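Visitor: Can you keep this structure in mind? I'll have questions shortly.
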Amino acid sequence: MERLVPIRSSEEIDLYLRTIYSLLRSTNLVQIRSLEEVHSGINSSLHPHARDPFPDTSALIYSLQRLPECIFNVRTIILGQTESNFSQHGYGSVESWTEVAARARRRRCFYDGGEQMACYIASRSDIDDVVPTLTALQIEWNKLNRLLSSIPRDSYREVTPAQPERFLQLAQHLKINADEFGRLYTVLGDRFGEAMETFANAKCNFRIQLLSGSLNDYRKATETWWQKIEKQYPQVNQRPLYFVSSNTHSLVNLLSGFALSKESELISYINSSDQAALLAEWQDIQNKSVLASRENFFYYVMKKYQSSAEGQGAWQQQLSFEKERGIHRFPSMHAFDTEAQVIELSSLNPDNIDARIKPCARPGCAEWGFLKDSDALIVNIDYPLGFAAYHLLTKIAENASQILGIYVMGKAASLNGVRGDVVLPNVVYDEHSKNTYLFENNFQASDLSSYLVYGTVLDNQKAVSVWGTFLQNATVMDVIYREGYTDIEMEAGPYLSAIYELFRPQRHPVNEIVNLHKLPFDLGILHYVSDTPLTKGQNLGAGALSYMGMDSTYACSLAILRRIMQRESERVSAL
């Protein structure tokens with residue numbers, strides 16, 4: 001039998017976490033500069049050049065993409081679980097401030113128009129994410145401040161790639177190579193000159209405060225989130241359900257058929273607008289010069305269309321279309337940012353369901369006839385960050401009449417794959433509980449490989465659920481890889497801790513090997529690779545998944561829905 005050796009975090013990372021939480025116990029604002037030295041000391045794989053005098057462009061880009069644009073004006077960040085937390089601490093109604101969002105991190109934040117930003121947090125994982133991100137940005141900001149303060153303002157204020165000589169001179173002065181500087185320009189866009197001026201004008205000195213932060217406060221925030229869903233859709237507590245943690249687009253696209261019903265409009269859009277790349281992709285699909293999915297292509301285009309002037313009304317049309325087919329959306333209000341969807345299987349229109357989803361494989365199956373007799377729901381939530389997964393699944397399970405299956409889809413870093421691959425673990429080491437979970441993953445490579453054009457499915461893998469993305473370094477990853485763990489992510493461990501409590505009469509253990517075989521419900525965990533940290537320069541700050549990400553996302557979603565439909569067909573026939 002393969003040995004299972006506990007994975008140890010590095011002493012530097014443990015010290016960093018202890019320092020963060022000891023400082024945040026203060027009732028005063030805490031200076032982020034107090035964390036700069038210990039942050040640099042962990043040698044984070046996302047911030048390897050923290051100590052160097054030259055900018056770490058990937059760390060800077062990663063941080064900027066996970067914080068709202070107003071961060072250039074903000075000096076004070078307040079973290080709380082509920083609106084009452086903020087008002088009780090003298091901040092009034094923060095929801096009357098301007099709501100702001102980051103490009104690459106879902107977190108409800110509000111900006112007061114001056115120097116304050118308030119953010120809702122769902123678990124300690126948000127702290128493990130926000131604090132290192134702010135610290136990394138401050139370190140890199142102050143490097144740029146030092147470098148920019150020694151040159152004239154016109155050397156950076158109006159410089160663009162359209163002036164290649166001046167652009168390259170500025171990159172050289174900032175000790176950033178041309179390609180990385182081009183990526184930074186792309187991220188900042190029209191605000192590039194303004195951002196450079198902000199970096200040059202003053203050093204960064206963020207201050208942060210955590211309001212309360214007890215486990216009970218996180219539970220209250222989760223209760224507020226769930227009560228809103230219960231109030232609007234009380235049947236959610238009365239009917240058996242399949243729980244899915246994924247995203248807000250793939251399942252509903254596959255089940256509603258809205259995007260495919262707008263095929264002619266979408267083709268017209270890519271032909272008439274400035275969408276050369278999309279048009280070329282569509283022509284390749286038509287000519288069969290690429291094997292990309294036609295359906296996935298239209299799901300991808302629909303999102304772009306809805307954000308364009310031509311497609312302004314398409315979002316409301318989609319909501320109505322979905323509701324007619326029993327798909328109900330519940331955006332998060334007065335709490336953390338996790339949208340939920342409740343899908344009534346009996347209300348789905350089989351004519352609109354993606355043809356790649358077949359309801360059953362057994363002989364004599366009556367295709368979609370079972371749907372009208374089904375009383376089951378799919379409860380899909382936008383995948384949470386880290387330990388919030390434990391709180392959310394625990395709350396749903398407390399109220400559900402019966403859970404028929406739990407399916408978790410999320411992104412991960414892979415130590416042996418490439419971006420666009422899919423990883424299926426059956427062993428998970430959880431840094432939160434220190435447990436090693438053994439379980440039967442009800443998905444295998446054959447369930448996805450036929451839907452995956454650009455990537456490979458790696459099953460029978462071992463995963464590690466980590467504290468946070470910045471809280472990893474080469475030493476830890478070397479230990480992880482040597483012990484055969486290849487899949488690094490943040491949610492599987494907390495979900496498995498909640499699953500343990502769904503069928504055992506006690507709280508999950510700590511620092512044990514935990515056997516989760518023979519569960520009374522179906523379980524599947526699927527991770528698509530968004531990051532390859534052992535590949536030089538290819539960390540999460542290096543770029544987006546783009547269409548390749550859609551390919552692996554939809555392969556996972558198709559596998560989940562096929563599994564649900566097959567299970568439900570068998571369940572209904574047995575009633």
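Visitor: Just subtract the alpha-carbon distance of Q163 and S401 from 0.36 nm times their residue separation and send over the number in nm, one decimal.
Guide: 79.3 nm
Visitor: When ranked by the protection proxy of mean other Cβ atoms within 10 Å per residue, highest first, what sequence do the peptides 241-251, 264-274, 331-341, 422-432 form?
Guide: 422-432, 241-251, 331-341, 264-274
Visitor: Still on this structure: Simple spin-label model, 7 Å along Cα-to-Cβ: K434 to N416 in nm?
Guide: With each label point 7 Å from Cα toward Cβ, the separation is 2.7 nm.
Visitor: Using the count of nearby Cβ atoms within 10 Å as a rough guide to exposure, how do V252, V38 rank from fewest to most?
Guide: By the 10 Å Cβ count, ascending, the order reads V38, V252.
Visitor: Let me ask something additional. Where does each of V94, V529, V572 land when they are ranked from fewest to most other beta-carbon atoms within 10 angstrom?
Guide: Final ranking by Cβ density, sparse to dense: V572, V94, V529.
Visitor: Which entries of K203/K304; K411/K518; K288/K372 have Cα-Cα distances beyond 29 Å here?
Guide: The answer is K203/K304; K288/K372.
Visitor: Follow-up question, since we're still on this one. Specify the angular offset, from 0 to 90 degrees and rounded to the nearest 10, of the alpha carbon long axis of helix 164-173 from the longest principal axis of the alpha carbons in the chain.
Guide: 70
Visitor: May I ask you to compute the full-extension gain from S446 to D14, defined as 0.36 nm times their residue separation minus their alpha-carbon distance, rounded to one decimal in nm?
Guide: Taking 0.36 nm per residue and subtracting the Cα distance, the gain is 151.5 nm.
Visitor: Arrange the peptides 179-186, 492-499, 459-466 so that the one whose residues have, on average, the most other Cβ atoms within 10 Å appears first.
Guide: Descending packing order for the listed peptides: 492-499, 459-466, 179-186.
Visitor: Test of understanding: what is the full-extension gain from D478 to N271, defined as 0.36 nm times their sequence separation minus their Cα-Cα distance?
Guide: Full extension of this stretch gives 69.6 nm more.
Visitor: Return the FRET efficiency for the residue pair R33, D373: r is the Cβ-Cβ distance, R0 is 41 Å, and the value is rounded to the nearest 0.05.
Guide: 0.05
Visitor: Which angle between 0 and 90 degrees, to the nearest 10, do you get for helix 546-574 versus the longest principal axis of the chain when only C-alpha atoms count?
Guide: In the chain, helix 546-574 runs at an angle near 30 degrees to the longest axis.
Visitor: Taking a ≥ b ≥ c as the square roots of the Cα gyration tensor eigenvalues, with a/c under 1.5 meaning rounded and otherwise prolate when a/b beats b/c, else oblate, which class fits the chain?
Guide: Taking the square roots of the gyration eigenvalues as a ≥ b ≥ c, the chain is prolate.
Visitor: Give me L516, L137 ranked fewest to most by other Cβ atoms within 10 Å of their Cβ, as a rough exposure proxy.
Guide: With the fewest neighbours first, L516, L137 line up as L516, L137.
Visitor: I need the peptides 481-490, 558-567 ranked by packing, meaning the mean over residues of other C-beta atoms within 10 angstrom, with the highest value on top.
Guide: Packing proxy ranking, top to bottom: 558-567, 481-490.
Visitor: Taking the Cα centre of the chain as the origin, how large is its charge dipole in debye, to the nearest 20, when only Lys and Arg (+1) and Asp and Glu (-1) carry charge on their Cβ atoms?
Guide: Result for the chain is approximately 540 debye, rounded to the nearest 20.
Only the coordinates and a few stated rules stand behind these numbers; no lab work does. Please read these numbers as outputs of a predicted model, since none were measured by experiment. Cβ: placed from backbone, ideal geometry, glycine included. Neighbour counts: every protein chain shown.
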